[in-house]
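Since the structure comes first, as C-alpha cells, the remarks are kept for the end.
The values are calculated or read from the model by the stated rules, or taken from the named source; none is laboratory data. It should be emphasised that the depicted structure is a prediction, and the values quoted were computed from it without experimental measurement. Glycine also receives a Cβ, built like all others from the backbone with ideal geometry; neighbour counts cover every protein chain displayed.
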Amino acid sequence: MPIGAGGPYPRFWATVGRRPARRRPGVIDDYEWPPGERPLRIVVVGKGGAGKSVVAATMARILARRGRRVLALDTDTVPGLALSLGAASAYPPPLAGAVEQADAGSWRLKEGIGPVRAVQRFSTPAPDGVRVLEIGDHSASGVGSVTPSVQAFYQVIHGLPEAKALRAWTMIGDHPAGPRQTAHDWAPYADTLLVIAEPTWKSALTGRRLAELASAREAAAFAVATKVTSSGDAKRVAEIVGLPVAATIPADEAVLESDRLGIALVDHAPSCAAVRAIEQLVDGLVDGTVRSVADR
Ligand SMILES: Nc1ncnc2c1ncn2[C@@H]1O[C@H](COP(=O)(O)OP(=O)(O)O)[C@@H](O)[C@H]1O
Ligand SMILES: [Mg+2]
C-alpha cells in the first residue's frame, strides 16, 4: 500500500501540542542574489545515527573550500558536528560567556552582545575556515549546568535571520535526534530542511514526522537517503518520508573508517562515494536544481 498523506500514521501535532512557528523571512531575502550565489541556510534533521553530523559537516567543508563563509551550528548537547568537521568541541561552552542572569531562572545576552558579535566572539574554528557555534557540551559537563549556554544559543540563533553582517554567510545546523527541536523552532535561520533517513522503517518514520513539521513551517524540505545499499532504497525512503529524495548517499566503509580514526571524512577520503554524493547534493542546492525538482 502506498504511504501517502492520508496514510495510517497519526499527525505529529497531537504530541507536540502546538504548531511550529512559521519561517520568518530574513535579511537574506532583501537581496537579489546572482544565480548560484544565494547562501545556503540548512538544517539537517533525522533519527539518531542516521548520518546527520557527517552530512552537515561534509557540506560545510565543501562549501568553505569553494570560498563561502560558513557557520556550522551544533544544537546537540552531545556534540558531534565539530568532530565530524575535524575540529575539537569547545569546553567549557564559550557561549556561556555571552549571557548574564537577569533574574532567577532567566538569562539574557549581555549588554552589547548581539547575534553578530556572539558569532564573532564565541564561535570556534574548524578546518577550511568554517566557524562552529555550539549549544554547549552536556556530556562533558558532569554536574555543571549548560543552561546559560543553551539560553545564549537560543537567543543568538533567533537573531540570525535579521543579522545583516551575516547575510552572505552559509549556515548549516545539526539537530539532535528526533523531532522535538524542529517542532520548537531551533533553526530559525534555515529555509531548507534536509531530512536524513536510512532505508529502515524506524529511521524513515522519524523522517516522516519531520517532513510534516517542515510543511507547517513553510520551509523547503527534502529527504536524503543515507547508508543506501540497494537500488530500491531511495524510493522506499521517498515513499515513507513523503518527500522527494535530494541525494542518495551509499553505505560507505570510508565513513566508518574516518569515524574510527577521528578524522573528518573529507580529509580521510576526499573522493569516496559518500563525499561524491554529498558534493552532488551541494551542487543541486547551490544551483537550484534540487529545489526545482521539488517544485515540479
Ligand atoms: N554513508 C555512510 N556509510 C556508512 N556509515 C555511515 C554513513 N553515514 C554515517 N555513517 C556512520 O553512522 C554513524 C552515525 O553517523 P552520524 O553522522 O554521527 O549520525 P547522527 O549525527 O545522525 O547521529 C557513524 O558511525 C558514521 O560513521
Ligand atoms: Mg550527530
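Checking each residue in the stretch 240-249 for being more than 16 Å from ligand 2 (Cβ to nearest atom) and either in a helix (DSSP H, G or I) or closer than 15 Å to Gly49 by Cα (or both) picks out Ile240, Val241.
Quick test for you: out of Val55, Val78, pick the one residue that is within 16 Å of ligand 1 (Cβ to nearest atom) and surrounded by fewer than 18 Cβ atoms within 10 Å (Cβ to Cβ).
Checking each option against the conditions leaves just Val78.
Checked against the criterion of being within 23 Å of Ala163 (Cβ to Cβ), within 16 Å of ligand 2 (Cβ to nearest atom) and surrounded by 19 or more Cβ atoms within 10 Å (Cβ to Cβ), the candidates Ala72, Ala50 yield just one match: Ala72.
Identify, please: which residue in the stretch 248-283 is closer than 19 Å to Ala64 by Cβ and touching a strand residue (DSSP E or B) at 6+ places or on another chain (Cβ under 6 Å) and is, among those, surrounded by the fewest Cβ atoms within 10 Å (Cβ to Cβ)? Step by step, filter the stretch 248-283, then rank; the result is Ala277. When restricted to residues that are at pLDDT below 95 and among the β-branched types (Val, Ile, Thr), the stretch 46-62 contains 0. Among the residues of the stretch 176-203, those that are in contact with a helix residue (DSSP H, G or I) (Cβ under 6 Å, 6 or more places away or on another chain) and over 23 Å from Val282 (Cβ atoms) comprise Pro179, Ala183.
For the condition surrounded by 16 or more Cβ atoms within 10 Å (Cβ to Cβ), at pLDDT below 95, of a type in the set (Gly, Ala, Ser) and closer than 28 Å to Val224 by Cβ, Ala98 does not qualify.
Would you mind stating whether Ala60 is hydrophobic (A, V, I, L, M, F, W, C), more than 11 Å from ligand 2 (Cβ to nearest atom) and either buried (at least 24 other Cβ atoms within 10 Å of the Cβ) or at positive phi (or both)? Criteria met by Ala60. Checked against (1) without any contact (Cβ under 8 Å) to a residue 12 or more places away in the chain; (2) touching an Asp or Glu at 6+ places or on another chain (Cβ under 7 Å), Asp283 passes all but condition (2).
In the stretch 125-197, counting only strands (runs of 3 or more DSSP E) that sit wholly within it, the ones holding 1 or more residues that are among the charged types (D, E, K, R) and crowded, with 24+ Cβ neighbours inside 10 Å span 131-134, 170-174.
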